[in-house]
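> Just passing along the structure, written as C-alpha cells.
Each reported figure results from applying straightforward, stated rules to the coordinates on display, with no laboratory input. This is a predicted model, so every value here is computed, not measured. Neighbour counts are summed over all protein chains in view; Cβ atoms, including those assigned to glycine, are modelled from backbone coordinates with ideal geometry.
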Amino acid sequence: MIPGRPFAGIRIADFSWYAAGPIITRFFAQFGAEVIKLESHAKPDGLRQNGPFAGGTPGISLPASTTINSLDLSGYFANYNYNKLSLQVDLNLPRGREIAKRLVRISDIVIDNFTPRVMEKWKLTYEDLAQIKPDIIMADLPMLGLVGPQRDYMGFGYALSSLAGIDHLTGMPDDLPTSTGTNFPDYSCNPCHTTVALLAALRYRQRTGKGQHIEVSQLESTAQILGTAIIDYTVNGRVQGRRGNTHPSACPHGVYRCKGNDRWCAVTVFTDAEWVSLCRAMGRELLATDSDFGSFQSRRAREADVNRLVEEWTTSLSPEEVMETLQRVGVAAGVVQTAEDALDRDPQLAARKHWVYLDHPEAGRMVHDGDTFKLSRTPSQFHSPAPCLGQHTNWVCQELLGINADEVSALREEKVLY
Amino acid sequence: MPTEPSTESVYSDLRVLDLAGEMGIYCGKILADLGAEVIKVEPPGGDSCRRIGPFVGDEPHPEKSLYWFQFNTSKKSITLDITTADGKDLFRKLAATADVIIETFAPGYLDGLGLGYEALGRENPGLIMTSITPFGQTGPYRDYKASDLVGIAMGGQLYLAGTPGEPPVQAGGSQGYNQASLHAVVGTLIALHCRDIGGEGQQIDVSMQDAVTPSMETAAPFWVMNKHIRKRTGHEHRAAGYGLYPCRDGFVSLMSGARAWEPLIAWMNEEGYGLDLAGEEWLSRAFRGEHVDEGDAHIIPWCLDHTMRELIEGLQARHTIAMPINTPKDLVESPQLNARNFFVEVDHPELGAKYRYPGSPYRFSHIEWRIAHRAPLIGEHNLEIFGQLGLSRQEIIALKGAGVI
C-alpha cells in the first residue's frame with residue numbers, strides 16, 4: 001500500500017455534478033484515487049455557475065446563477081472537487097461518448113447523479129458500460145430511483161428535504177414546515193450512504209473479480225435519517241410533528257439569545273443534577289433547590305418559565321461565555337456558530353486544523369471542508385485545488401487514452417473536446 | 001434496476017463490537033444490515049438507549065423502545081460491565097476476536113480502563129477502533145459535552161435554519177448524531193479497505209462538530225471569499241418561484257432555478273396567469289432574486305388555483321422542480337416507495353407482531369442487504385458469544401450473579 005493513498009490505482013470516471021455526487025468522489029480523491037470529471041462547455045458541473053465567486057460582490061446572500069464568464073471562480077464548486085481532474089468532452093456528440101467509453105474501459109468506478117433518462121439517452125447505462133468493461137462498478141443516484149412511477153422527478157437537496165420528510169419535522173410547532181435553509185441531504189446523508197455502497201462493491205470485486213451496479217434512490221437514502229418518524233407511524237399510527245428546539249426528555253433544551261447582534265447559545269439539560277449545576281452557574285442558588293423545578297416533569301410543566309430564566313442570564317453574556325461557564329460545570333452548551341465563528345474564532349476547529357486552504361490558479365485562496373474523520377495511519381490528502389474546466393483534457397486524452405496531440409487538436413476544433 | 005437472483009454478504013467475516021450511544025448508534029446498523037456480526041455491548045440491565053422513546057403502544061419498557069428497534073436491527077447483544085476486573089478481562093478477550101470497535105465514550109475513558117486503542121491494538125494489530133465524540137480526541141474542547149443540538153450549533157449548521165429574528169431552529173431527526181455516524185462508517189470502511197490491501201488496523205477520530213461542518217453548505221466560502229455571513233432565511237423565498245408555496249390543499253416546494261423558470265411561466269401563461277412574467281428580464285435568476293414579491297404576486301394566485309398533486313405532476317412533467325412537503329404518513333403511503341417495495345416487515349415474535357421498517361438506503365446487483373432480525377433483547381446472545389470465548393454455562397451464570405454480565 002502506498003502510504004496515505006489507500007485508493008492508489010483506483011480510477012473513477014465521474015459523470016456526477018452539483019453536490020451529492022462530487023462529495024462521494026471527494027472521499028476517494030482524498031485517499032488517493034484518480035478521479036476524472038467529465039464535463040463540457042454545454043454541460044459543466046452546475047456548481048461552477050453557483051456562487052460565491054472569487055472577486056464576487058459581498059452581500060449576495062444566496063447562490064444564484066449569474067452571467068459570470070469564468071466557470072473557474074466558484075467557491076461552492078472548489079470545495080467538492082479538489083484533488084480531481086477535469087476532462088472536457090461533449091457527451092451530446094457520438095464521438096464525445098466514444099471518448100467517455102474509452103475512459104470507462106480503463107476505470108474501476110463510474111458514477112452519476114442525473115435523472116435516469118440522461119444516461120439512457122447517452123446509452124451510458126450500467127448495461128451499456130458492463131459490455132465494454134465487465135467488472136465495472138457503477139453507482140447511479142437518481143432523486144427517486146431508476147424505476148417506479150415517479151422515477152423521472154427532478155430535484156435538488158433543498159426539494160428532497162421536503163419530499164423525504166425532513167422539512168415536516170423541522171420548525172416551530174405552530175409554524176409552517178421550515179427547511180434547514182440548505183440542500184441538507186446533499187452534504188452527508190447521500191454521499192456517505194453511496195460511499196459505503198461503493199466501498200462494499202470494491203471489497204466484493206476484490207474477492208470475486210466481479211463488478212456491479214449500485215442504485216441509490218436519494219429519497220430512500222434520506223428516509224433513513226428521520227429518527228423514529230417512520231416506525232412510530234407504522235407501529236403506533238402517530239404522525240410525528242415539529243417540536244422546535246424542545247426535546248422529549250430534556251428541559252431546558254433550547255437556543256438562547258446572548259449579548260450581541262443575532263448571537264445565540266444552545267443549552268441542553270438532561271438530568272436533575274445538570275439543572276442544579278446550571279442554576280448555580282447562573283448564580284441562582286435558590287432556584288437550584290426549588291422543588292417546583294427539581295424534576296424534569298416539573299420543569300417541562302413550566303418550560304416557558306424555565307426558558308425565560310435561562311435567557312435572562314444568557315442575554316447578559318456572550319455565547320462563548322455561556323458555553324465556557326456551563327461546560328466547566330458539565331452542562332452541554334455550544335455557541336450557534338456563524339461562518340466567521342467557525343473559521344476565525346473557534347479554537348477547537350483551529351487546533352484540529354479543520355479548514356483547508358488551497359491556492360487556485362484562477363480564483364486565488366479557497367477554503368475547503370476539512371476531514372470529517374481522522375485516520376491515524378492513513379491520513380487524507382489535500383494536494384491540488386479544484387480543476388479548471390478542461391484543465392486535464394490533454395493529459396487524459398494523450399496519456400491515458402492514447403490519442404495523439406494532432407488528433408486532440410482536431411477534436412478540440414470540432415468541439416468534441418469542448 | 002434488475003437485482004440478480006443471488007446476492008451475498010460482503011462483510012460476513014467482520015466482527016464489530018458496538019459500544020456506541022446515540023452519537024454512533026447508526027454506524028453499527030449500517031454494518032449489521034450489510035451482514036457484519038455487530039455485537040452491542042450493553043451494561044448489565046441494558047443500554048441507556050433503550051430508555052429513549054417512543055415506545056410500542058407508548059408503554060415505556062426497555063424491550064419496547066422504537067428508537068432501539070430502529071437503530072439496532074440485525075445486531076446481537078451481550079451484557080458486560082467493562083469497569084469490573086472480570087469484565088475488563090472478558091472484553092480484552094472479545095476485542096482480540098474483533099475487527100472493529102465503535103465507541104462514543106469521552107476521550108480517554110477507555111484508556112483509563114486499560115481498554116483503549118493502544119492497549120487493545122497491541123494485542124490485535126488489525127483492530128480498527130472508531131471513536132466518535134462531540135469534539136474529537138484532541139483540542140481544547142475535547143472534554144466538552146454535547147447533545148445533538150449543541151453539535152449542530154457548533155458545526156455551523158444550526159445558524160442557517162429558522163426564521164430571521166427568531167432563534168435558529170433544530171433540524172428534525174437528530175442530524176448531528178446522524179452525521180457523526182455516517183462519516184464514522186465511511187472512515188471505518190476506508191480503514192477496513194487499508195487492512196484488506198495489506199495494511200494494519202488503525203484508530204479513527206470522529207468529531208461530531210467536524211462531521212457537521214459540510215452542512216454549512218456555502219457559508220464558509222462566502223465568508224472567506226466575500227466576507228459575507230450567510231444567515232437563516234426561513235420562509236422567505238430565495239427568488240420568485242423558489243420556496244414553499246401555498247396551494248389549494250396544502251403546500252408545495254418549488255425550485256424554479258436556472259432552466260426551470262421557462263416551463264413554469266409557459267404553463268401559467270397557458271392558463272392566463274403571469275403574462276407580466278414572460279419578459280426577457282425574468283429569465284435571469286439574479287433578477288428573480290431581486291423581484292421576489294413582484295413575481296410571487298402572480299405565482300401565488302396560480303398555485304392557489306391548483307391542488308398539490310396537479311402542481312407536482314404538472315411541473316415535473318414539464319421538467320420543473322416541484323415537491324410535496326411529505327409527512328411520515330405520506331412516505332409510508334408513497335406510490336413510488338411502495339412500487340419499489342422499499343419498506344421491510346420485521347418479525348417481533350415476543351410482541352406477536354410484524355412491523356414495517358424503512359428498507360435499504362442502497363440497492364446492489366450482487367451484494368446482500370437485509371434486516372436479518374429485529375433488534376436484540378438485553379443480553380440475548382450472552383451464551384453464544386461468551387460460550388465462544390470458552391466460558392461454560394455455569395461460569396456465565398456465576399458472572400451474572402456477580403453483576404459482570
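> About its Cα centre, what dipole magnitude does the range A:275-418 give when the only charges are +1 on Lys and Arg Cβ and -1 on Asp and Glu Cβ, stated in debye to the nearest 20?
So the dipole magnitude of the range A:275-418 works out to roughly 620 debye.
> In Å and on Cα atoms, what radius of gyration and Dmax does the protein assembly as shown show?
26.3, 86
> Another question about this same structure. Compute the separation of the alpha-carbon centres of the range B:109-177 and the range B:246-292 and state it in Å as a whole number.
First find each Cα centre; the distance between them is then 43 Å.
> How big is D, in µm² s⁻¹, for the range B:242-330 by Stokes-Einstein at 25 °C and 0.890 mPa s if Rh is the Kirkwood radius over C-alpha pairs?
Calculated translational D: 187 µm²/s.
> Given R₀ = 30 Å, what would the calculated FRET efficiency be for B:L351 paired with B:D330, taking r from the Cβ atoms and rounding to 0.05?
With a Förster radius of 30 Å, E is 0.70.
> Another question, then. Helix B:175-196 sits at what angle to the longest principal axis of chain B, using alpha carbons and giving 0 to 90 degrees rounded to 10?
60 degrees
> Still on this model: Could you pull out which residues in the range A:243-277 have an amide N less than 14 Å from a spot 7 Å beyond the Cα of A:R302, following the Cα-Cβ vector?
Under cut-off, by backbone N: A:252.
> Would you please give the FRET efficiency between B:S12 and B:E123, computed as 1/(1 + (r/R0)^6) with r the Cβ-Cβ distance and R0 = 22 Å, to the nearest 0.05?
0.40
> In the Gaussian network model of chain A, springs joining C-alpha atoms below 10 Å, which of A:N50, A:N261, A:N79 carries the largest mean-square fluctuation?
Judging by the Gaussian network model, the answer is A:N261.
> Moving to a separate point now. Enter the angle in degrees (range 0 to 90, nearest 10) between the Cα long axis of helix B:292-304 and the first principal axis of the Cα atoms of chain B, meaning the one along which they spread out most.
80 degrees
> Further, regarding this structure: Express the relative contact order of the range A:253-338 as a whole percentage, based on alpha carbon pairs under 8 Å and six or more residues apart in sequence.
43 percent
> A follow-up question, please. Please tell me the relative contact order of chain B in percent, rounded to the nearest whole number, where contacts are Cα pairs under 8 Å and at least six residues apart.
20 percent
> Compute the long axis of helix B:85-96 from its Cα atoms, compare it with the longest principal axis of the Cα atoms of chain B, and write down the angle in degrees, 0 to 90, nearest 10.
70 degrees
> Take the alpha-carbon centre of the range A:8-54, take the same for the range B:381-397, and report the distance between them in whole Å.
Rounded to whole Å, the Cα centres lie 51 Å apart.
> Taking just the alpha-carbon atoms of chain B, what radius of gyration and Dmax come out, in angstrom?
Final numbers for Rg and Dmax: 25.7, 85 Å.
> Under a point spin-label approximation (7 Å from Cα along Cα-to-Cβ), what is the A:A288-A:H41 distance to one decimal in nm?
7.2 nm
> A further question on this structure: So which trypsin sites (Lys or Arg not before Pro) in the range A:115-147 pass both tests, a DSSP loop state and at most 13 other Cβ atoms within 10 Å of the Cβ?
Hits after loop and neighbour filter: A:K123.
> Kindly list the residues of the range A:226-264 that lie in the label zone of A:T315, defined by a backbone N under 12 Å from the point 7 Å along the Cα-to-C-beta vector.
Of the residues in the range A:226-264, A:257-260 have backbone N under 12 Å from the label point off A:T315.
> Excluding residues fewer than 8 places away in the same chain, name every one of the aspartates and glutamates whose C-alpha is closer than 20 Å to that of A:K133.
Partners found: A:D14, A:E34, A:E98, A:D108, A:D112, A:E120, A:E215, A:E399, B:E4.
> Using the count of nearby Cβ atoms within 10 Å as a rough guide to exposure, how do B:V212, B:V404 rank from fewest to most?
Fewest-to-most ranking of B:V212, B:V404: B:V404, B:V212.
> Set the Förster distance to 35 Å, then compute FRET efficiency between A:N261 and A:Q206 from the Cβ-Cβ distance, nearest 0.05.
That pair, A:N261 with A:Q206, gives E of 0.05.
> Related question: In a shell of Cβ-Cβ distance under 12 Å around A:V216, excluding A:V216 itself, what net charge do Lys and Arg (+1) and Asp and Glu (-1) give?
-3
> Label-point separation (nm) for B:E290 and B:S48, each offset 7 Å from Cα along Cα-to-Cβ?
Reported label-point gap for B:E290 and B:S48 is 5.5 nm.
> Same structure, new question: Count of lysine pairs in chain B with Cα atoms under 20 Å apart, counting only pairs 8 or more residues apart in sequence or on different chains?
Counting lysine pairs in chain B gives 23.
> Cut-off is 10 Å between beta-carbons; in what order do A:S221, B:S147 appear when sorted fewest neighbours first?
With the fewest neighbours first, A:S221, B:S147 line up as A:S221, B:S147.
> Could you put A:M323, A:M282 in order, starting from the residue whose Cβ has the fewest other Cβ atoms within 10 Å?
Exposure proxy ranking, most exposed first: A:M282, A:M323.
> Also: Distance in nm between label sites at A:I132 and B:L113, each 7 Å beyond Cα in the beta-carbon direction?
Those two pseudo-labels are separated by 5.5 nm.
> Continuing with this model, one more query. I need to check one value: relative contact order of the range A:133-271, counting alpha carbon pairs closer than 8 Å and at least 6 residues apart, in percent.
Result for the range A:133-271 is 28 percent.
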